[in-house]
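Bear in mind these aren't lab numbers, they're just calculated from the coordinates by the rules spelled out. Bear in mind that the values here come from a model prediction, so they are computed numbers and not experimental data. Virtual Cβ from ideal backbone geometry, glycine too; neighbours counted across all protein chains shown.
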Amino acid sequence: MRLIAVINQKGGVGKTTAAVNLAFALSRLGKKVTVIDLDPQGHLASSFGCRQQNEGLDQVMLNGAGIESQAIEVRDNLKIVPAGNQLHQIEQLNEGGTERGRLLQEALSGSFEDQDFVFIDCPPSSGMLVVNALFAVDEVLIPMTGEYLALQGLSHLIKTIKNFEKVLNKKYRTWLSIQRYQSRRRLAKDVMVLLKKHFPQRILATVVREAAMVAECPGLGKTIIEYKPGSRAAREFRQLAEDLIEEKVMA
Ligand SMILES: Nc1ncnc2c1ncn2[C@@H]1O[C@H](COP(=O)(O)OP(=O)(O)O)[C@@H](O)[C@H]1O
Ligand SMILES: [Mg+2]
């Protein structure tokens, strides 16, 4: 089982979109996939067309419920664990010492063993929820856009990840994925050149471009692959799923 945190403290870079569409594409390739919503905003369930779920991961992290018991089947081979409306409380916990950071790791230990991929869709922050994700996983996928501020944020994130590696004495497998790419912008091209230079062999090969249709999907409760299967964006996400399986990176 590959347990992957989809992480970037910047909002709007495409974390949820990437998690949703990669998960769906992988499930279509016959993989068993679960996506866990670690963002208190709880957009994951509605992205798959489920109504807002009051309970989910919050019950696991706050009340010790079993994580598999909170999973909902949303498509063939594809389950989600919704955030639940109390999840934000984790950020405010000030008791429990370092154990607070291990809640998700403990919940996941021995769970979802029949799954091929488990994604954790992280919130756009760097608080206790993201700490829980970094304790739990050994693989991270960082969606990146071609903006200058995203680049600044990335160096901060990489530092955080390196700190965790030191403290936890482990090494993450780190992937970057270019999302919302605007090929007509020079800045986007410049950022890509910089990324390739700083992260050789770490950027997944397929670039996902900005496309208005993708932004329509959450409102429809469908993945782009279901909404417009023949579109360029659908093709990009299907290819990105194969990149992730084959660990295919940019030259
Ligand atoms: N390739 C894309 N083209 C156009 N819009 C996109 C694309 N990827 C994501 N979006 C839109 O951008 C917004 C932010 O994406 P989202 O996945 O929610 O980011 P995050 O989870 O990082 O905050 C959403 O409205 C989403 O529909
Ligand atoms: Mg999100």
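Determine, yes or no, whether residue 119 is within 30 Å of residue 150 (Cβ to Cβ), in contact with a strand residue (DSSP E or B) (Cβ under 6 Å, 6 or more places away or on another chain), within 15 Å of ligand 1 (Cβ to nearest atom) and of a type in the set (Phe, Trp, Tyr). Yes.
In segment 49-74, the residues that are free of Cβ contacts under 8 Å to residues at least 24 places away in the same chain reach residues that are among the basic types (Lys, Arg) with C-beta atoms within less than 7 angstrom, at least six apart or across chains, in these pairs: 73/79. Checking each residue in segment 99-131 for being within 16 Å of ligand 2 (Cβ to nearest atom), of a type outside the set (A, V, I, L, M) and touching a helix residue (DSSP H, G or I) at 6+ places or on another chain (Cβ under 7 Å) picks out 119, 121, 122, 123, 126, 127.
Here's the yes/no breakdown for (1) aromatic (Phe, Trp, Tyr); (2) surrounded by fewer than 20 Cβ atoms within 10 Å (Cβ to Cβ); (3) within 22 Å of residue 130 (Cβ to Cβ):
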position	(1), (2), (3)
53	no, no, yes
56	no, no, yes
65	no, yes, yes
68	no, yes, no
73	no, yes, no
78	no, no, no
86	no, yes, yes
90	no, no, yes
95	no, yes, yes
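Tallying residues that are over 28 Å from residue 30 (Cβ atoms), of a type in the set (A, V, I, L, M) and under 18 Å from the mean Cα position of the chain (by Cα) within segment 57-102 yields 1.
Note down all Cβ pairs under 9 Å where the first residue falls in segment 92-104 and is within 20 Å of residue 3 (Cβ to Cβ), the second is part of a helix (DSSP H, G or I) and among the polar types (S, T, N, Q), and they're at least six residues apart or on different chains. The qualifying pairs are 100/132; 101/132; 102/132; 103/132; 104/132. The set of residues in segment 208-224 being surrounded by 17 or more Cβ atoms within 10 Å (Cβ to Cβ), more than 16 Å from ligand 2 (Cβ to nearest atom) and farther than 18 Å from residue 181 by Cβ consists of 222 alone. The residues listed here are 129, 187; of these, the one that is in a helix (DSSP H, G or I) and crowded, with 17+ Cβ neighbours inside 10 Å is 129. May I ask you to list the residues in segment 36-69 that are within 12 Å of ligand 2 (Cβ to nearest atom) and farther than 14 Å from residue 218 by Cβ? 38, 40 - these are the residues of segment 36-69 that are within 12 Å of ligand 2 (Cβ to nearest atom) and farther than 14 Å from residue 218 by Cβ.
Quick check: anything in segment 169-177 closer than 22 Å to residue 129 by Cβ, within 16 Å of ligand 2 (Cβ to nearest atom) and outside any strand (DSSP E or B)? Checked against the condition, which is being closer than 22 Å to residue 129 by Cβ, within 16 Å of ligand 2 (Cβ to nearest atom) and outside any strand (DSSP E or B), segment 169-177 yields no hits at all. When we screen 214, 167 for residues that are under 26 Å from residue 20 (Cβ atoms) and not aromatic (Phe, Trp, Tyr), the only hit is 214. Determine whether residue 205 is farther than 25 Å from residue 130 by Cα, touching a helix residue (DSSP H, G or I) at 6+ places or on another chain (Cβ under 6 Å), of a type in the set (A, V, I, L, M) and surrounded by fewer than 20 Cβ atoms within 10 Å (Cβ to Cβ). Yes: the conditions hold for residue 205.
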